[in-house]
Protein chains: 2
Amino acid sequence: MREGLADVPTRDDWLLEKLSSWSQVGTDPFLITSTEFERLSRVLNAGGLRLVTLERNLVDSVWNNRPPQVSEPLIPLDIKYSGKRASEKIADLRKELIEKKASAIVITGLDEIAWLFNLRGSDIRNTPVFFAYAIVSDSEIILFTNPDRINDTIRNHFRSEGIEVTVREYDDILAGVKELVETRGNVIISTSCSHAFYAQIPADQRIQLYSLVATKRAVKNSVEGEGMRRAHVRDGAALVRYLHWLEENVDSGNITELSGASQLREFRSMQKDFVGLSFTAISAFGSNAAIVHYSPTEETDTLITRDNIYLIDSGGQYRDGTTDVTRSVHMGEPTAFQKEAFTRVLKGFLSLGSAVFPPKTSGTFFDAMARRALWDVGLDYGHGTGHGIGSYLGVHEYPPSLVSSTVSPGNVGLQENMFTSNEPGYYEADQFGIRLEDIVQVVKADVRYDFAGRGALTFYANTVAPLQTKLMDLTLMSEHEVNLVNSYHERVLKEVGPLLLEQNANEAHAWLVQQTKAIVKT
Amino acid sequence: MREGLADVPTRDDWLLEKLSSWSQVGTDPFLITSTEFERLSRVLNAGGLRLVTLERNLVDSVWNNRPPQVSEPLIPLDIKYSGKRASEKIADLRKELIEKKASAIVITGLDEIAWLFNLRGSDIRNTPVFFAYAIVSDSEIILFTNPDRINDTIRNHFRSEGIEVTVREYDDILAGVKELVETRGNVIISTSCSHAFYAQIPADQRIQLYSLVATKRAVKNSVEGEGMRRAHVRDGAALVRYLHWLEENVDSGNITELSGASQLREFRSMQKDFVGLSFTAISAFGSNAAIVHYSPTEETDTLITRDNIYLIDSGGQYRDGTTDVTRSVHMGEPTAFQKEAFTRVLKGFLSLGSAVFPPKTSGTFFDAMARRALWDVGLDYGHGTGHGIGSYLGVHEYPPSLVSSTVSPGNVGLQENMFTSNEPGYYEADQFGIRLEDIVQVVKADVRYDFAGRGALTFYANTVAPLQTKLMDLTLMSEHEVNLVNSYHERVLKEVGPLLLEQNANEAHAWLVQQTKAIVKT
């Protein structure tokens, strides 16, 4: 049963319907957030059921042939990529402990730990993190992970990062929290932590907050910011080479979604500081692209032709940044409706991308901007408009978040040097799908007024890859929108062009010159 | 101490700072919402204090010379204005009781009770409600109010509305809830009810929901909708006559904010079915208009001249509807910045007013649309963009609500036949203030697509009053925006014009013809 589909009952409803009164529903307290545990408890109680936690995971008990956990060496991230030593990050955190009258913080997010210690791993595919928990108190830094992985390299790293780290077994974490609770004062946990942690800390010592580490990590420092830009230029070169290669080879009749994606990976892997993909590419042709979370498998793999729109949503992990980009192209003759849909997606994309706004503006605002041109004629798309992104970390990272449905209380809105995707789309079921996605950086805006001293912000597109002008219906675009496309394309050519020449991709360069030619509204 | 101002501590901080540990803070449980009681309890507990409820209100105990409660006769609202009998409204509510597995609902909102019983009162200035509580159970309808007011007229009204009502003393309400709890099953209360009700109902019998009555009341029936439109046309005639009168008489040198407002009331009172004002007019000249919640007093009363912008935000109660309209006019020579600010406010106003959107869209979306043109240059305004409005009821009514800061979980977004204000503004401290406000109705949109079957909605402006074209900077406006202004003005003349002639306001009619002349972008 695939949760979320129309004909699939919600988990709540299924439990309430199937179980007889006084039944108990067991959960692994490490695999359910404290907020979900509380919510589900309330729902089940009202239906005469009870939610309980289990000592051991029942699925694990019967999971034979479980693949062993990957445990490749950890990777220290040099200061030239991280821009800030772990010692400084921990000092910042300790300032917050004082402010919040807490003696320690328990850190449960893998990407938060990777960021805090300037370490990367490969325990999870495409996201360079490693299995660990951490406790930072006013006097100690404890990392709960496989101690075998903390070799001389890592110990030297800690030394050069200016931190002294006590290493304990990964499974010792709850014991560590218990000791903390017994010997110290208030303990901070995050609103997204699992119920196990919530339950381990007595209410009068528990301070549960939107993750302090995530909030700090979301605002990139200047080294990370510059790294993100450089990584995106190289990534742009890879994507341009791929789109050019596709255009050249599509008529061979043997390029499929999967083989295309593999060629794109090839172009990415040629780029400096490439580590791997940031997610499995959504390489989707025609009606496949209308399935929002599609990614091709051997079974669904489809030939790419000139008869429909091809959507490619992909990204890379580079030592200096993470990328995530989507372009939609038609290599033949698009229909009038496809052009209209593409143009309305583009209008939202440009509207969001060129927005000026005061600090801490909620993501919902941008969602509205991105949808407006589609809404004007009764079209829409069924996903969020943007997500945060890590710097050589998770391709989805929160905050920030540009969605309409929820305003999370701890989500502080957009601030300078946050990064988010800008990704409106349009999907016509069984026909075609369109999405445009840039990674944009929140920067100071150069406008006449400054929101009465609050400061004006706008976006800078890190992503540099051409937008297919063939799919644009200029009659639907304003002069202003045409200018935005043209000046963006100028920048794409200026930044990606030299790199293509350097890589001897001369034909791709010539193609890019064509693709970025100014459009004129007649 | 005025809460909310920058140099005034919050109530939380003040209590935490001033009181010694273990102090108790007393509240009147009828004057604090259950949610605020819970929140404040948590804050005070964390600071070593305790929030408690008092048996009697300490302010009342020392309030000598308290003015007696007004107790004018209640006013039955005829079916030709209400459009739906109380019996039908109560039948709808009882359906919800069954659905929610509750045996009764306690109704604590005065405007909810007025709406449900199709009764009006004059216990509160400008809002035609009366002091009462109500309980609707699966078998009984109990109205807790001064029984002396339920005379033959009201008893006849109940009869023709098809309901049998038990009347009890206003102060019996908690006893009534207690009896309910002891003899019946689950009881529904609203999330905005006071702590007194929350505390009276045991947790396992309490169902607390965003008000079911408010949610139903928010969607107007066709009789109410048509009444709102008619009331707005008459109200438009009054406002046009006033703005014309002002233009004619401003040079007399003796028209002030207060005397102007009183003249406007005079023009309103000449209109059919006028009952009273819907709020004290914000009649504000020059820098006074920059104070968002300004309304003139004898001390602040200022002469209206041709040297600055005059902002008039006012409304009336009519038997067939409630109005709320703001216009900003300059009777002399506006500065370039005033024109720019006005035009950007207008652009937001038009953008919101012409939006197309799917059902249940959150108010936040419209807030973003209304601010965009101001944001583009770093300008903004410090208030919400829209509030719901009653039909011969409260001028502020929720839902709906067009604000950016909060997404209330029970607030279901905009639906067909909801009414809201559309009121962006701009305020330059110590200089001038601008606001434009229409009451708009959510109606079906006539667009090419329909959000994949969800249906497309848009707004219809109920308010018909000219927008001063003199203040528009046409270079900042698109062709589309110019057309929106022109077609709106055509409608204003067509709808208000005949009424002016009927009222022998021939000069005002000639002035309106001038004011609504098409503008042309050169």
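The values are calculated or read from the model by the stated rules, or taken from the named source; none is laboratory data. Worth saying up front: this structure is predicted, and the values here are computed from it rather than measured. Cβ: placed from backbone, ideal geometry, glycine included. Neighbour counts: every protein chain shown. The accessibility values were calculated without ligands, DNA or RNA, using every heavy atom of the protein model including side chains. Shrake-Rupley method; radii C 1.70, N 1.55, O 1.52, S 1.80 Å.
Out of B:A456, B:A452, one residue alone is among the aliphatic types (A, V, I, L, M), within 14 Å of chain A (Cβ to nearest Cβ), farther than 30 Å from B:L379 by Cα and open to solvent by less than 20 Å² (accessible area, probe 1.4 Å). It is B:A456.
For the range A:172-200, taking the residues that are hydrophobic (A, V, I, L, M, F, W, C), without any contact (Cβ under 8 Å) to a residue 60 or more places away in the chain and in contact with a helix residue (DSSP H, G or I) (Cβ under 8 Å, 6 or more places away or on another chain), the one that is least open to solvent (accessible area, probe 1.4 Å) is identified as A:V181. Of the residues making up the range B:410-422, at least one is within 24 Å of B:S211 (Cβ to Cβ), without any contact (Cβ under 8 Å) to a residue 60 or more places away in the chain and within 14 Å of chain A (Cβ to nearest Cβ). The residues on offer are B:V464, B:V443, B:V447, and the sole one that is more than 10 Å from chain A (Cβ to nearest Cβ) and open to solvent by 20 Å² or more (accessible area, probe 1.4 Å) is B:V443. Among residues of the range B:219-235 being assigned to a loop (DSSP other than H, G, I, E, B) and not β-branched (V, I, T), the one that is least open to solvent (accessible area, probe 1.4 Å) is B:K220. Scanning the range A:380-403 for residues that are within 13 Å of chain B (Cβ to nearest Cβ) and surrounded by fewer than 23 Cβ atoms within 10 Å (Cβ to Cβ) yields A:D380, A:Y381, A:G382, A:V403.
Might you check whether a residue that is out of contact with any His (no Cβ under 7 Å at 6 or more places or on another chain), modelled with pLDDT under 95 and surrounded by fewer than 15 Cβ atoms within 10 Å (Cβ to Cβ) occurs anywhere in the range B:102-119? No: zero hits.
Restricting A:T145, A:T127 to those that are crowded, with 16+ Cβ neighbours inside 10 Å and touching a residue at least 60 places away in the same chain (Cβ under 8 Å) reduces the list to A:T127. Against the list (1) open to solvent by 10 Å² or more (accessible area, probe 1.4 Å); (2) away from chain B (no Cβ under 14 Å); (3) assigned to a loop (DSSP other than H, G, I, E, B), the condition A:V377 fails is (2). In the set B:R94, B:R66, B:R56, only one residue is among the charged types (D, E, K, R), more than 24 Å from the chain's Cα centre (by Cα) and closer than 27 Å to B:N126 by Cβ; that residue is B:R66. Filtering A:L476, A:L471, A:L484 for residues that are assigned by TED's automatic domain parsing to the domain that holds A:G286, open to solvent by less than 30 Å² (accessible area, probe 1.4 Å), in contact (Cβ under 8 Å) with a residue 24 or more places away in the chain and not aromatic (F, W, Y) leaves a single hit, A:L471. Tally the residues that are assigned to a loop (DSSP other than H, G, I, E, B) and over 18 Å from B:F459 (Cβ atoms), restricting the search to the range B:413-430. Going through the range B:413-430 one residue at a time, the tally reaches 2.
The residues of the range A:334-364 that are facing another protein chain (nearest Cβ under 9 Å), open to solvent by less than 10 Å² (accessible area, probe 1.4 Å) and either of a type in the set (D, E) or part of a helix (DSSP H, G or I) (or both) amount to a single one, A:T364. Residues in the range A:240-273 that are open to solvent by 30 Å² or more (accessible area, probe 1.4 Å) and of a type in the set (K, R): A:R241, A:R265, A:K272.
Residue count for the range A:284-333 satisfying the condition of being among the aliphatic types (A, V, I, L, M), open to solvent by less than 50 Å² (accessible area, probe 1.4 Å) and not in a helix (DSSP H, G or I): 9. Selection of the range B:257-275 for residues being within 13 Å of B:A231 (Cβ to Cβ) and either in contact with a Ser or Thr (Cβ under 9 Å, 6 or more places away or on another chain) or among the β-branched types (V, I, T) (or both) yields B:R268, B:V275. If you go through the range A:273-293 and keep only what is touching a strand residue (DSSP E or B) at 6+ places or on another chain (Cβ under 7 Å), in contact (Cβ under 8 Å) with a residue 60 or more places away in the chain, within 26 Å of A:L393 (Cβ to Cβ) and of a type outside the set (S, T, N, Q), you end up with A:V275, A:G276, A:L277, A:A284, A:V292. Taken as a whole, the condition of being buried (at least 19 other Cβ atoms within 10 Å of the Cβ), touching a Gly at 6+ places or on another chain (Cβ under 7 Å) and within 14 Å of another protein chain (Cβ to nearest Cβ) applies to A:Y427.
Among the residues of the range A:431-449, is any touching a helix residue (DSSP H, G or I) at 6+ places or on another chain (Cβ under 8 Å), modelled with pLDDT under 95, in a loop (DSSP other than H, G, I, E, B) and in the same structural domain as A:H232 (by TED's automatic domain parsing)? No, there is no match, as no residue in the range A:431-449 is touching a helix residue (DSSP H, G or I) at 6+ places or on another chain (Cβ under 8 Å), modelled with pLDDT under 95, in a loop (DSSP other than H, G, I, E, B) and in the same structural domain as A:H232 (by TED's automatic domain parsing). Determine, yes or no, whether B:F365 is on the phi < 0 side of the Ramachandran plot and at pLDDT 95 or above. In short, no.
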